[in-house]
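Colleague: Structure incoming, see below.
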Amino acid sequence: MVNVVFIVEGKVEKIFIDFLHKSQWFVNKNINKLGPTIDVKGGGNLCPKNMQTFVEQALTYNPDRIFILTDLECDPCIEKTKERLGVCDLCTTVIARKAIEAWFLADNNVLATLTNGHVQSFEAPETTEQMPYETYKSLLVEHTGRGTGSKVTFARKIFKSGFDIERAATHENCKSAKYFIDKIIATGAQ
């Protein structure tokens, strides 16, 4: 087992990592999640001047690797986001294109369930006009007459509805979900 600590951008990413941990998904990938998921409380806090504090907090658990999960949001490219985060020898950074909610749009089963079967798939979850959360919210309002609630409430609903990261990663237009899985598998193989 490879010992890993997770540093995440916010509450939705924390819920995601904690869901994978509770479901034994990490164990199945030879990952031992150490300590609580470190929530930096917003992407603006993931910058070089703050990263050292979060990395030092993660190092107190003596990990083999530190995983950082963040959103691309409005950064022009992944390299710029990685630049913003700075360098860490033990760190592996995974950036959800646009936002992690794009991964939710990529899980066709959950999308169909939450839209009462009206939407079977979403063609381009990582290149939505609005942020993916807003897109999902619009789909729910249009097809069910209900919204999503807060992002946190929505994330919990996604996982209760059977979200599967591996299913989302098979979506041809959701490469960052596949990248996340590939990085976890590579880490577990160390």
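Colleague: For the stretch 40-62, which positions are of a type outside the set (A, V, I, L, M, F, W, C) and either touching a Phe, Trp or Tyr at 6+ places or on another chain (Cβ under 9 Å) or modelled with pLDDT of 95 or more (or both)?
Modeller: ASN45, GLN57, THR60, TYR61, ASN62
Colleague: Additional query: Looking at the structure I just gave you, is GLU126 open to solvent by 30 Å² or more (accessible area, probe 1.4 Å), assigned to a helix (DSSP H, G or I) and without any contact (Cβ under 8 Å) to a residue 60 or more places away in the chain?
Modeller: no
Colleague: Right, something else. Kindly provide the set of residues from the stretch 16-40 that are closer than 17 Å to THR93 by Cα and not hydrophobic (A, V, I, L, M, F, W, C), ordered by number.
Modeller: Within the stretch 16-40, LYS33, THR37, ASP39 meet the criteria.
Colleague: Give the stretch 142-189 a look and list any residue that's assigned to a helix (DSSP H, G or I), in contact (Cβ under 8 Å) with a residue 60 or more places away in the chain and open to solvent by 50 Å² or more (accessible area, probe 1.4 Å), or say none.
Modeller: Across the stretch 142-189, the qualifying residues are LYS151, ARG156, ARG167, LYS175, TYR179, LYS183, ILE185.
Colleague: When both residues are 6+ apart or on different chains and their Cβ atoms are under 9 Å apart, which pairs have a first residue that lies in the stretch 89-116 and is farther than 19 Å from THR128 by Cβ, and a second that is part of a loop (DSSP other than H, G, I, E, B) and among the β-branched types (Val, Ile, Thr)?
Modeller: none
Okay, residues lined up against (1) in contact with a Leu (Cβ under 6 Å, 6 or more places away or on another chain); (2) open to solvent by less than 20 Å² (accessible area, probe 1.4 Å):
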{"site": "GLU13", "(1), (2)": "yes, yes"}
{"site": "LYS41", "(1), (2)": "no, no"}
{"site": "VAL55", "(1), (2)": "no, yes"}
{"site": "PRO63", "(1), (2)": "yes, yes"}
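Colleague: Within the stretch 106-118, is there a residue that is open to solvent by less than 20 Å² (accessible area, probe 1.4 Å), more than 16 Å from HIS171 (Cα to Cα) and touching a helix residue (DSSP H, G or I) at 6+ places or on another chain (Cβ under 7 Å)?
Modeller: yes
Colleague: Restricting attention to the stretch 21-39, and to residues there that are part of a helix (DSSP H, G or I) and in contact with a strand residue (DSSP E or B) (Cβ under 8 Å, 6 or more places away or on another chain), which single residue is least open to solvent (accessible area, probe 1.4 Å)?
Modeller: For the stretch 21-39, the residue satisfying everything is PHE26.
Colleague: Which of the helices (runs of 4 or more DSSP H) contained wholly in the stretch 63-114 include at least 1 residues that are at pLDDT 80 or above and closer than 24 Å to ILE31 by Cα?
Modeller: Numbers: elements: 78-85, 101-106, 108-114.
Output list reads 101-106.
The values are calculated or read from the model by the stated rules, or taken from the named source; none is laboratory data. Since we're looking at a predicted model, the values are computed, not measured. Every residue, glycine as well, gets a Cβ built from its backbone with ideal geometry; the counts of neighbours run over all protein chains shown. The protein model used for the area step is the full one, side chains on, heavy atoms only, and it has no ligands, DNA or RNA in it. Shrake-Rupley method; radii C 1.70, N 1.55, O 1.52, S 1.80 Å.
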